[in-house]
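Single-structure report; data block below.
A short reminder: the numbers here are calculations on the coordinates, not readings from a lab. From a predicted model like this one, the values you see are computed outputs, not experimental measurements. Methodologically, a virtual Cβ is constructed for each residue, glycine included, from the backbone with ideal geometry; neighbour enumeration extends over all protein chains shown.
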Amino acid sequence: MAKVYATPGVYIEEKSAFPNSAVPVATAVPAFIGYTQFAMKDKKDLKHVPTRISSFGEYLLYFGEGPDTTFSLQKDDDPKKIYKLAVKAKRFLLFYCMKHFFANGGSDCYIVSIGDYNSTLTTADFLEEDIKEGEVIPRGILSLLKEPEPTMLVIPDAMILGKEGYKKIQEQMLMHCAKMASRFAILDVFMDENSELKPDTREIVKAFRDDIGMKDLMWGAAYYPWLETTIVGSDVIDYNNSIDKESYDILIELLKKEVADNLEQKIIDKKRADAINPEIEKIKTAAGDDIKSLHQTLLAVSPLYKAILGTLRAKVNLLPPSAAMAGIYSMIDNNIGVFQSPANISVGSVIKPSVNITHEEQEDLNVPLNGKAVNAIRTFPGKGVLIWGARTLDGNSQDWRYVSVRRTVIFIEQSIKYAVEPYVFAPNDQTTWTNLRAMITNFLTNVWQGGALAGASPEQAFSVDVGLGTTMTPVDILDGIMRITVKVAVTRPAEFIVITFQQKMQES
C-alpha cells in the first residue's frame, strides 16, 4: 500500500536492488562428548553445556589437562615377554583424541563435558535423557538438540564403557543425527585394548555390525582399526604417573633380575651392579623432583625399564580413529569442499594402524552382503597411513552409499532451509514462488560451479520447481502449504577405477 504524504518536503525511499540469497551453512563443525578434567569458563560451570572452541589452547583453558592413566604391571610366564601391562582403571580418551583432531586439520568444534575423571561412568551420561525424581536432566546428546551449528557427532569416550555400553551409545548417535537431519555420526569399531590376543578383524567387525542394528544407517560411517599415534610424547610418561603403586614391588623385582642377569652374562661388572641396585630401591621412596631424576637414571641404566615405559606410551597412544577422521573431514571441507570424499588422505601423528588389513580382508569390510560397510585405515608402502574407504553404513543404498553424497545433500538441504525461513507466512502466490525459485537457483548454480554437482550446464546439474499445477494443488494453498521440489545430481567418488589394456596388431 502506497504511503500517503501530508507534509510538503523531500522524502527518500530505498528499495532493495537484489533478491534474498541463500548463504552456505558451515559443514566442518564436529561436536565431541566426553569426560574432562573440569568444565569452567569465567567461573561458570560448563558441564552439559555445548561450548564452541577453535583451538587446543581453548580446550585446555576451559576443560583442563588429560587424565593420569595408570597401568598394572605383572610378570609374564613367557620368558620372551617378561612382563605384561593392563589398564588399572578406565582410560579416558577425549583429551588425547582432541589433540589428534587438531593434529589432523580440525578447527572449530563443540565440546560437551559430561563429567570429570572421578565420575561414575554410566551410559546415561551420554544418552538422550536421565529422568530422576520427575526431573529431566540434560545429558550428553540431549544437550545438542538446541545447537543448530554442529554437523558431526563424535564420542570416543563411549569406548570406555565396554562393548555393551558402546552399543547403546552408537544407536543413539545415529538416531540423534536422523532426528536432526543436519549432522553425521563418525563411529569407532569397539576393540578390547587389554586383550593379549591378536585382533581378529572378522570377529570384531561382525560384532560391530550385529550391534549397530538396521536403523538410520545412512547417518553415520565407521572406521577401523584403532591407530598407534604419536600424540603422547616420552617426556610425559614415567613410572610415578603411569604404573600403579601396587605394582612397584614387581617393577623392582624385574629390574633387579635384569641387573643380576647382566652381571651373570658379564654385560656389567659387580661395581656397576652395586651402583644400580640402590637406585632401583628408590622407586618406592622417591618424591618430588627426585622422581624425575630417578626416572632419567633408570632410563640410562636399564633397557628393561626403557622398554616398559615404551610399552606404556604405546598403550596410551592407541586411540580410536573417529576424532582424527573429524579433523580430516574438517580439513577437506575447508580446503576443497564437502563434496570431496574423505578418503585416500593420509592420517597425521600416526605410526601405523593397530591391525594390518590386507586387500582381501578389506573386500568384506567395504562391500558386505548386509551393506554395513566399515571404512579401512591401511598402510601403503611409500604413502604412509591412508583412509581407504568412503562409504556410509548404508552401503546397499544407491542414494546414500557414500559419505560425501550424504554430507553434500545435508549441506544443500540446510542452506536452502535457512534461506527459505524468512518466507514463512509470506503470500503463497506467484511473486513469492518466483523469488524463491530464483534464490535457490542462484545458490545451486554456485554449488555446481564449485564442483559439488555433476553436469555440463546448470540445467543438467539441478532443477527447482514451485507453483500451482506443478508442485502444489489448490487444496495445498488453502491449507497454507508451499511445496518446493529440488533435484540435484551430486558428484560421486570414483571408488573403483578399471583400466583395460589389450594389444593391437602392428600396422607398419
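Go ahead and run the numbers for FRET between ASP45 and THR230, Cβ-Cβ distance against an R0 of 35 Å, rounding to 0.05.
About 0.55, to the nearest 0.05.
In the neighborhood of ASN317, defined by Cβ-to-Cβ distances under 15 Å, what is the net charge if each Lys or Arg adds +1 and each Asp or Glu adds -1?
+2
Charges on Cβ only, +1 for Lys and Arg, -1 for Asp and Glu, centred on the Cα centroid of the chain; of ALA39, ALA221, ALA461, which one is farthest towards the dipole's positive end?
ALA461
Which angle from 0 to 90°, rounded to the nearest 10, does the C-alpha axis of helix 270-281 make with the longest principal axis of the chain?
The helix 270-281 is inclined about 50 degrees to the chain.
Would you mind checking which residues have amide H under 5 Å from ARG391's amide H? H placed 1.01 Å from N; only 5 or more apart, or other chain.
It is VAL403, by chain and number.
How would you rank MET218, MET98, going from fewest to most other Cβ atoms within 10 Å of each one's own Cβ?
Final ranking by Cβ density, sparse to dense: MET218, MET98.
May I ask you to compute the full-extension gain from THR297 to ALA207, defined as 0.36 nm times their residue separation minus their alpha-carbon distance, rounded to one decimal in nm?
27.8 nm
Please identify every one of the GluC sites (Glu not before Pro) in the range 164-239 that sits in a loop by DSSP and has no more than 10 other beta carbons within 10 Å of its own beta carbon.
Taking the range 164-239 and a limit of 10 other Cβ atoms within 10 Å, the loop GluC sites (Glu not before Pro) found are GLU196.
When DSSP beta bridges are limited to those with both residues in the chain, what percentage is antiparallel, rounded to the nearest 5?
Details: 32 of 51 bridges.
For the chain, the DSSP antiparallel bridge percentage is about 65.
State the dimensionless ratio Rg/Rh of the range 196-256 (Rg: radius of gyration of Cα atoms; Rh: Kirkwood radius).
Rg divided by Rh gives 1.20.
How would ARG202, ARG183, ARG272, ARG401 line up from fewest to most surrounding beta-carbon atoms within 10 angstrom?
ARG202, ARG272, ARG401, ARG183
What is the P(r) of the range 427-508, as percent of Cα-Cα pairs per 10 Å bin from 0?
Result returned by the calculation: 16, 31, 21, 13, 9, 6, 4, 1.
Under 23 Å between alpha carbons, and skipping anything fewer than 8 positions from LYS270 in its own chain: which lysines qualify?
LYS256, LYS257, LYS282, LYS306
Give the order of HIS100, HIS48, HIS176, HIS359 when sorted by the count of other beta carbons within 10 angstrom, beginning with the fewest.
Ranked by crowding around the Cβ, least crowded first: HIS359, HIS48, HIS176, HIS100.
What do you get for the angle between helix 430-449 and the principal long axis of the chain? Use alpha-carbon atoms, 0 to 90 degrees, nearest ten.
40
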